[in-house]
Amino acid sequence: MRKLVETTFITLDGVVSSPERFAAPYFDDEYSAYARELLFAADALLLGRKTYEIFAPVWPGMEETEGEYAVRMNTLPKYVASRTLTDADLTWNATVIDGDVAKEVARLKEQPGRNILKFSTGDLDRTLLEHKLVDEYHFWMFPVVAGGGARPLDGIDTTHLKLTGTTPLASGVVVLTYSTSTDVHRRQAGATH
């Protein structure tokens, strides 16, 4: 069974929107190596509509500057969760997940293969969390206080995760890796009864 792995940037005050406001000064060789490892461990991408609309116009033109990383991004199949887009709207080797997103993501996870990588945290995560479909999170904690911005997980039910790794980068970024193991879910459920 494949794992669904999410990678997302976050500030010290929990903001995940507009990473272009804070992330660029921290992109270095260590960042690139970690990001490469995540991408090359996957054989498909899962994207929400907003992330797709940000990535799709940009990445096809980045192969000259970003090399094999961009080639990998561009060639992997992409599954886009959207209520408004159709396959006819998509380019960049992408297919729309319409209908029951949770059921389709669960089906994709059951197929043989490598990880499915999801970039960014947004509206889609509410569905993924509700159905316990994300297996692993990589939160890139930037040493930045944004002072405002979107926190798309505000208002969801409490969800307990298990810390499985910390990777401090020389830039000051710390990648926190969490799993959603069944033991954590059992303890969470037991605490509510």
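Residue under question is residue 65, and the condition is that it be farther than 30 Å from residue 154 by Cα and at pLDDT 95 or above; does it hold?
Against the criterion (farther than 30 Å from residue 154 by Cα and at pLDDT 95 or above), residue 65 does not qualify.
How many residues, within the range 121-140, are under 14 Å from the mean Cα position of the chain (by Cα) and not in a loop (DSSP other than H, G, I, E, B)?
Count: 11.
Can you tell me how many residues within the range 157-185 are in a loop (DSSP other than H, G, I, E, B), within 17 Å of residue 4 (Cβ to Cβ) and open to solvent by 30 Å² or more (accessible area, probe 1.4 Å)?
Summing the residues that are in a loop (DSSP other than H, G, I, E, B), within 17 Å of residue 4 (Cβ to Cβ) and open to solvent by 30 Å² or more (accessible area, probe 1.4 Å) in the range 157-185 gives 3.
For the range 1-120, which fully contained strands (runs of 3 or more DSSP E) count at least 2 residues that are open to solvent by less than 20 Å² (accessible area, probe 1.4 Å) and of a type in the set (S, T, N, Q)?
In the range 1-120, 4-11 are the strands (runs of 3 or more DSSP E) which contain 2 or more residues that are open to solvent by less than 20 Å² (accessible area, probe 1.4 Å) and of a type in the set (S, T, N, Q).
If I ask for residues that are of a type in the set (A, V, I, L, M) and in contact with a Pro (Cβ under 7 Å, 6 or more places away or on another chain), which ones from the range 110-138 would you list?
none
Would you be able to tell me the number of residues in the range 93-109 that are in contact with a strand residue (DSSP E or B) (Cβ under 8 Å, 6 or more places away or on another chain) and either farther than 13 Å from residue 49 by Cα or at pLDDT below 90 (or both)?
The qualifying residues number 5.
Exactly one condition in (1) under 26 Å from residue 20 (Cα atoms); (2) at pLDDT 95 or above; (3) within 16 Å of the chain's Cα centre (by Cα) is not met by residue 179; state its number.
Only one criterion is unmet by residue 179, namely (1).
Between residues in the range 131-148 that are in contact (Cβ under 8 Å) with a residue 12 or more places away in the chain and residues that are part of a loop (DSSP other than H, G, I, E, B) and acidic (Asp, Glu), which pairs lie under 9 Å by C-beta distance while being six or more apart or on different chains?
Note: pairs meeting the criteria are 144/13; 145/13; 146/13; 147/13; 148/13.
The values are calculated or read from the model by the stated rules, or taken from the named source; none is laboratory data. It should be emphasised that the depicted structure is a prediction, and the values quoted were computed from it without experimental measurement. Here the Cβ is made from the backbone with ideal geometry for all residues, glycine too, and neighbour counts use every protein chain on show. For the accessible areas, the whole protein counts, side chains as well, though only heavy atoms, and no ligand, DNA or RNA atoms are used. Shrake-Rupley method; radii C 1.70, N 1.55, O 1.52, S 1.80 Å.
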